[in-house]
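Contents: one structure, followed by commentary.
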Amino acid sequence: MSDNTIKVALIGNPNTGKTSVFNALTGLNQQVGNYPGITVERKQGNCQLPLGFKATVLDLPGTYSLNASSVDENVVIELLMNRNDKDFPDVVVLVTDVENLKRNLLLFTQIKDLEIPVILCINMIDRMQLKGITLDIPFLEKELKTRIAAVSTRKKPGYCEP
Ligand SMILES: Nc1nc2c(ncn2[C@@H]2O[C@H](COP(=O)(O)OP(=O)(O)O)[C@@H](O)[C@H]2O)c(=O)[nH]1
Ligand SMILES: [Mg+2]
């Protein structure tokens, strides 16, 4: 962390809502480009936090695991394996959709094994009722030894638990 700015990386399986979370956090405060030499899109943005803190937020391509099997996954792996990378995150926000929580926990565990601080963002909680899903957040926080934000980027106010 430097200058009261923390580096946040959004990581998760494809279609869990990483870009939606990124847009909600950074608004129009975004720079979009490409990773050198490949066509994978690189999105970075800024976000004001309470108490004078700021965050730079990196929206990473979708990945199922840290076992490289695609160009997208390689981008994520190269970043997380290199603590000298200027974008190496102070904290990873693992974005999962509520329906595929179990599948996303593989990635969560792999990132935890690298001893990188990681919190869980369970997105799409607007779909819980329809799908008959219930969540015991305090239990999950205890089991996974992390903090959890259960959110919906689609139905914003009132769905975001602290
Ligand atoms: N129902 C619901 N759909 C969502 C939510 N957030 C994102 N989506 C949808 O999920 C799809 C994937 O979202 P996106 O942000 O592109 O996911 P990414 O691939 O992880 O970056 C899109 O169709 C979004 O509109 C949410 O909170 N609720
Ligand atoms: Mg995306």
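Some notes on this structure:
- Hits in segment 1-17 - residues which are farther than 15 Å from Val75 by Cα and either surrounded by 18 or more Cβ atoms within 10 Å (Cβ to Cβ) or away from ligand 1 (no atom under 13 Å from the Cβ) (or both): Met1, Ser2, Asp3, Asn4, Thr5, Ile6, Lys7, Val8, Thr16, Gly17
- Ile137 being under 26 Å from Gly45 (Cβ atoms), touching a strand residue (DSSP E or B) at 6+ places or on another chain (Cβ under 7 Å) and of a type in the set (A, V, I, L, M, F, W, C): no
- Scanning segment 109-117 for any residue that is within 11 Å of ligand 1 (Cβ to nearest atom) and either touching a residue at least 12 places away in the same chain (Cβ under 8 Å) or out of contact with any Asp or Glu (no Cβ under 6 Å at 6 or more places or on another chain) (or both) turns up nothing.
- Pairing each residue of segment 41-67 that is assigned to a strand (DSSP E or B) with any residue that is of a type in the set (Gly, Ala, Ser) and within 16 Å of ligand 2 (Cβ to nearest atom), provided the two are 6+ apart or on different chains, yields C-beta distances under 6 Å for Arg42/Gly33; Val57/Gly45; Leu58/Ala9.
- In segment 78-100, the residue that is farthest from ligand 1 (Cβ to nearest atom) out of those that are part of a strand (DSSP E or B) and aliphatic (A, V, I, L, M) is Val91.
- Evaluation of Asn84 against the conditions (1) out of contact with any Pro (no Cβ under 9 Å at 6 or more places or on another chain); (2) closer than 28 Å to Gln129 by Cβ shows that the sole unmet condition is (2).
- Some residue of segment 96-106 being among the acidic types (Asp, Glu), within 14 Å of ligand 2 (Cβ to nearest atom), over 14 Å from the mean Cα position of the chain (by Cα) and surrounded by fewer than 20 Cβ atoms within 10 Å (Cβ to Cβ): no
- Lone unmet requirement of (1) hydrophobic (A, V, I, L, M, F, W, C); (2) outside any helix (DSSP H, G or I); (3) at pLDDT below 95; (4) surrounded by 18 or more Cβ atoms within 10 Å (Cβ to Cβ) for Val75: (2)
- On the stretch given as segment 18-60, residues that are more than 12 Å from ligand 1 (Cβ to nearest atom) and touching a Leu at 6+ places or on another chain (Cβ under 6 Å) total 4.
- Number of positions in segment 12-30 that are within 11 Å of ligand 2 (Cβ to nearest atom) and not in a loop (DSSP other than H, G, I, E, B): 6
- Any chance Ile38 is of a type in the set (A, V, I, L, M, F, W, C), more than 14 Å from ligand 2 (Cβ to nearest atom) and within 23 Å of Val151 (Cβ to Cβ): no
The values are calculated or read from the model by the stated rules, or taken from the named source; none is laboratory data. Bear in mind the structure is a predicted one, so any value in this text is a computation, not a measurement. Because the Cβ atoms are built from the backbone with ideal geometry, glycine has one as well, and the counts that use them run over all protein chains shown.
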